Amino acid sequence: MGTKYIFITGGVVSSLGKGIVSASLGKLLRARGFSVAVQKFDPYINVDPGTMSPFQHGEVFVTDDGAETDLDLGHYERFIDANLSHINNVTSGSVYQTVIEKERKGEYLGATVQTIPHITNEIKSRIYKATEQFKPDFLIIEIGGTIGDIEGLPFIEAIRQFKAEAGVGNAISIHCTLVPYLETSGELKTKPSQHSVNVLRSYGIQPEVLVCRTSHPIPLDEKEKLALFCSVQKDAVIECRDMKSIYEVPLALEEQNLAAVVLNLLQTHYRHADLKSWKDLVDRIHNTKYTIDVAIAGKYTKLSDAYISVVEALKHAGYDDNAKVNIHWINSEDCKDYEKCKELLKDIQAIVVPGGFGVRGIEGKLNVIKYARENNIPFLGLCLGMQCAVIEYARNVLKLPDVNSHEFSEECENPVIDLMLEQKNVTAYGGTMRLGQYECKLKDGSVAQKAYGTDVIYERHRHRYEVNNAYIEQLENAGLVFSGKSPDGKLMEILELPNLDWFVASQFHPEFKSRPERPHPLFKGLIDTAVKKLK
Ligand code: GLN
């Protein structure tokens, strides 16, 4: 069959969980043996989210091919268990950049370059590129933002054109709305959804399916009202209730027959879904035996979305061990004082120091790592977390004076972390780090090798700094083991302290490759150790 297209928009409010709906629909189609790709359209003008503050935009998710993308791509990968790439995240910035570059090259042959058709054509060409690259049975395209946003209009117009060109039965749109519950009158309200669909219609798009986020069950008569006013079939009004775990959403949507409705609208033969292992997963999520208190010590702790893949990876490892992972957000700035740091961590069973940029909170992170090392608390350092582990070891075990990373101190006497050689002449900010998947060789007999059960791994990176090779011998003589290295042996990718129960850190970001049904070995090692110690 040719590729069928599903556009997903959102209305009424932001943060409706469109990303989870898109990922869940992908899962339901995958569970039927269809191939699925998911694309995210983000209306902002940044070329990619790589330059945005995690406080504003949450985590930057990195793909194998080194794209810095929206965190929704993480959900897509985790739900449909696929590896996505540059083409899966399209921003207004990247679209305008291409169009302007073409204009400068004279490719428009003197035409006046306009939103329609030039910008909309470029948007459509991205859909065709994804089609060509993945040749999926279904391409799900989520449009960021809320219907009515000025920024989103070129995307909405491109979809209108695309749907008309694709023809009936080849492309549909799903509109996600909020059906709020009014406590005082005890009623669910459908009017905001009706208004939102009206706005979408005014742009020329009639949605075929409504997914209604709600805290309460939507009675049949309210569904019928929504169907009538929004011109969708009755069975295409899908209730999407708040769930305890995002991994329940596919099952809840399956119960509402979302996939069956979609297949019908897209004139595709019905197939039965095999959701057995996913149901087992959800069972495990609800029936845990242990609780592990895990501290994440970072500086973006006010917005948990900033570390969403880390949080998910920890949970995945927990699911595998019948353990509920209880996250404690520790603002590393609060750990600057070692006594306070000890107090904050006293009931913690595992510690993660995640990635980050800039000097703020570093001294606190060093205290957190010292605490983990001295008290044999299972520890996992990620990227900046590994760099901090090296600084901590050089300061407190090697006892070198004035140790730091060149990122935080230009003049320090002992820069154990230094800018990577290839970064020395880089001046541009966006998309210039060491990004994406690289090979790493594991040391024979190391903790890391045992955890992975293999000698060669491929992991995703996003950094400019690395361990300074001038200090490796000293560090290793003092007991720090570099158990993962780039194939040429020059880049330190994993460190460990084999004498402790679990003290491992990586220069790469293992969190991006964890899956709910296949936890990442390094997260699994951390949680396994914490559970064993608990027992
Ligand atoms: N700031 C550090 C670097 O650029 C670490 C980056 C990160 O944690 N992703 O190398």
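When each of Leu475, Leu495 is tested for being at pLDDT 95 or above, away from the ligand (no atom under 15 Å from the Cβ) and buried (at least 22 other Cβ atoms within 10 Å of the Cβ), the lone residue that passes is Leu475. Considering Gly479, Gly445, the condition of being outside any strand (DSSP E or B), at positive phi and without any contact (Cβ under 8 Å) to a residue 40 or more places away in the chain is satisfied by Gly445 alone. Considering Gly355, Gly385, the condition of being in contact with a strand residue (DSSP E or B) (Cβ under 9 Å, 6 or more places away or on another chain), within 15 Å of the ligand (Cβ to nearest atom), among the small types (Gly, Ala, Ser) and not in a helix (DSSP H, G or I) is satisfied by Gly355 alone. Selection of the range 336-352 for residues being away from the ligand (no atom under 15 Å from the Cβ) and not in a loop (DSSP other than H, G, I, E, B) yields Tyr338, Glu339, Lys340, Cys341, Lys342, Glu343, Leu344, Leu345, Ala350, Ile351.
Give the residues of the range 322-335 that are more than 16 Å from the ligand (Cβ to nearest atom) and either assigned to a loop (DSSP other than H, G, I, E, B) or within 23 Å of the chain's Cα centre (by Cα) (or both), sorted by residue number. Once the filter is applied, which keeps residues that are more than 16 Å from the ligand (Cβ to nearest atom) and either assigned to a loop (DSSP other than H, G, I, E, B) or within 23 Å of the chain's Cα centre (by Cα) (or both), the range 322-335 yields Asn322, Ala323, Lys324, Val325, Asn326, Ile327, His328, Trp329, Ile330, Asn331.
Mind checking whether some residue in the range 105-115 is over 19 Å from Ile159 (Cβ atoms), touching a Lys or Arg at 6+ places or on another chain (Cβ under 7 Å), free of Cβ contacts under 8 Å to residues at least 40 places away in the same chain and part of a loop (DSSP other than H, G, I, E, B)? Yes: one or more hits. For Glu459, the conditions (1) part of a strand (DSSP E or B); (2) within 13 Å of the ligand (Cβ to nearest atom); (3) out of contact with any Cys (no Cβ under 7 Å at 6 or more places or on another chain) all hold with the exception of (3). If the condition is being in contact with a Pro (Cβ under 8 Å, 6 or more places away or on another chain) and away from the ligand (no atom under 16 Å from the Cβ), then the range 404-439 contributes Glu413, Asn414, Glu439. Set side by side, the residues Asn367, Asn396 differ, and just one is in contact with a Ser or Thr (Cβ under 9 Å, 6 or more places away or on another chain) and either among the basic types (Lys, Arg) or away from the ligand (no atom under 16 Å from the Cβ) (or both), which is Asn367.
For the range 242-270, name all the residues that are small (Gly, Ala, Ser) and in a loop (DSSP other than H, G, I, E, B). The answer is Ser245, and nothing else. Of all the residues in the range 410-426, those that are in a strand (DSSP E or B) and farther than 18 Å from Val397 by Cα number 2. Being among the hydroxyl-bearing types (Ser, Thr, Tyr), closer than 22 Å to Lys163 by Cβ and free of Cβ contacts under 8 Å to residues at least 40 places away in the same chain is a property that Tyr128 has. Checking each residue in the range 205-219 for being of a type outside the set (Val, Ile, Thr) and not in a strand (DSSP E or B) picks out Gln206, Pro207, Glu208, Ser215, His216, Pro217, Pro219.
The values are calculated or read from the model by the stated rules, or taken from the named source; none is laboratory data. Remember, it's a predicted structure, so these values are computed and weren't measured experimentally. Cβ atoms come from the backbone with ideal geometry, glycine included; neighbour counts cover every protein chain shown.
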